[in-house]
Amino acid sequence: MFEFLKKSKATLTLSAESAVKNQSFPAQEFILKEEKIEIGKNKSPFSEKFISKIGSKITIASNDLTKKISINHSLLTWDMNTSTYTYQEQSEKGSLVNGEPLEKGEETVLEDGSEILIHPFKFTLKYTPK
């Protein structure tokens, strides 16, 4: 079995508030163990949870709030040499990482505490201590 599947590498936390005024969502944490994790919109608006992690994909339910989120919005890739995730933008609609806009094809290394804004949701990445 690959080393990256054995233990948690990081936790991705969805903030309790969205970037939309007067909208609030319960905080959620997703344990990241996978080498690659996709983030994107679920094709179906009917989901048990608004945001969920199934295998190596974090899916966001499809509705009016998530119009700016693509089905394959972004990709997190683990780098075993640096023990960090790289965030790659895969959507024409873009994202913000630590306040900096990313366009399709751009990528950036995620440091501990990095904030990812996929409108209207803010995620914060925390690495698991070794």
TODO: Would you mind checking K33/K104; K57/K122; K33/K68; K67/K126; K53/K122; K9/K67 for any pair whose Cα atoms are more than 19 angstrom apart?
DONE: K33/K104; K33/K68; K67/K126; K9/K67
- [ ] Name the residues whose placed amide hydrogens come within less than 5 Å of the amide hydrogen of I71, ignoring near sequence neighbours (fewer than 5 apart) on the same chain.
- [x] K41
Task: Residues whose placed amide H lies under 5 Å from that of S114, excluding near-sequence neighbours - done: L125
Open item on the list: Give me, ordered by chain and number, the residues 5 or more places off T84 or on other chains with an amide H under 5 Å from its own placed amide H.
Closed with: D79
Task: Per-residue ³J(HN,Hα) for the range 95-104, Karplus 6.51 cos²θ - 1.76 cosθ + 1.60, θ = phi - 60°, Hz, x for Gly and Pro - done: 8, 10, 10, 6, x, 9, x, 10, 9, 3
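Taken together, the values in this text are just the output of simple stated rules run on the coordinates, not laboratory data. All figures in this text were calculated on a predicted structure; none of them were measured in a lab.
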